[in-house]
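A short worksheet on the structure shown next.
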């Protein structure tokens, strides 16, 4: 697994880590991420806005200044444009990507007492509208597949833990709300499903996704979400970011190289990016095989009007940028 080191100016941290000392002078106006791999290094230099690429390969040796000169030459070529340097000793990151889309649906089971029309304005803000369309490619392939939960998260939230701390707030696997209706003196509580109903669907869904993970090699699970730009039940103070990337500090962590690739891609597209803040972690399933998981949350303001629930002109651009990222991960 590659390790990441950050560079400022003429990659001064590279000199410090590889050559034992820090250069006397450097420019603080440029920042570079450089992934160091243990064997043959494959350096890819990307810079915006034209997505130009400079590629060089070399084998690490005691004379790492040769590499440094290659890096600085590419920096001059990039001028003042944003760029990234990434390295890997593999031709690709993953064999497969599984898009996990849990919150896009507005549907309720046929035997439910509720429908989307019964949701109030705050409850409607919780749905990740159109995330299935944003993340899913036009055609699924052997490399990119998806699983979309078919029901509204207010009926059953498959992202929650079995003993989720949000349960006390009515935001666990089964959602419930205590409210006072207009003209009423007392509060009333309504639940969109019983715990038995929700847990039954929850267990079946987890079993199905777990089976899919077990049968897939070298997998990255991408947990696909959107978040509201308006105050809502989950976040009274919405963050002023465009994209949030989340991961777990456990065996499903993709590593700094993959997180850096995702962050740099969205930054190069002009988005404001947060990493494990304000949202953190990523969905995992308890299976006996190794895989990685990363969450990508996109701000709804980028692609839709939250009052009319209609797509805006930004939808096509965001979808294109997400689809480009998926190809970079393979």
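The values are calculated or read from the model by the stated rules, or taken from the named source; none is laboratory data. Note that the coordinates shown come from a computational prediction; the quantities given were computed from them, not determined experimentally. Virtual Cβ from ideal backbone geometry, glycine too; neighbours counted across all protein chains shown.
Things to note:
- Candidates 155, 151, 205, filtered to the one that is surrounded by 17 or more Cβ atoms within 10 Å (Cβ to Cβ) and more than 22 Å from the chain's Cα centre (by Cα): 155
- Criterion violated by residue 86 - all others in (1) modelled with pLDDT under 95; (2) part of a loop (DSSP other than H, G, I, E, B) satisfied: (2)
- Residue in the stretch 200-210 that is modelled with pLDDT under 80 and not assigned by TED's automatic domain parsing to the domain that holds residue 306 present: no
- Residue in the stretch 133-148 that is touching a strand residue (DSSP E or B) at 6+ places or on another chain (Cβ under 8 Å) and over 27 Å from residue 252 (Cα atoms) present: no
- Checklist (1) exposed (fewer than 11 other Cβ atoms within 10 Å of the Cβ); (2) at pLDDT 90 or above applied to residue 180, failing item: (2)
- Check on residue 257, farther than 21 Å from residue 314 by Cβ, in the same structural domain as residue 135 (by TED's automatic domain parsing) and crowded, with 16+ Cβ neighbours inside 10 Å: yes
- Tally of residues being part of a loop (DSSP other than H, G, I, E, B) and either closer than 24 Å to residue 281 by Cα or in contact (Cβ under 8 Å) with a residue 24 or more places away in the chain (or both) across the stretch 121-163: 25
For every residue, the table says whether it meets (1) free of Cβ contacts under 8 Å to residues at least 40 places away in the same chain; (2) under 11 Å from the mean Cα position of the chain (by Cα); (3) more than 20 Å from residue 134 (Cβ to Cβ).
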{"residue": "224", "(1), (2), (3)": "no, yes, no"}
{"residue": "227", "(1), (2), (3)": "no, no, no"}
{"residue": "244", "(1), (2), (3)": "no, yes, no"}
{"residue": "266", "(1), (2), (3)": "no, yes, no"}
{"residue": "281", "(1), (2), (3)": "yes, yes, yes"}
{"residue": "286", "(1), (2), (3)": "no, no, yes"}
{"residue": "295", "(1), (2), (3)": "no, yes, no"}
{"residue": "312", "(1), (2), (3)": "yes, no, no"}
{"residue": "327", "(1), (2), (3)": "yes, no, no"}
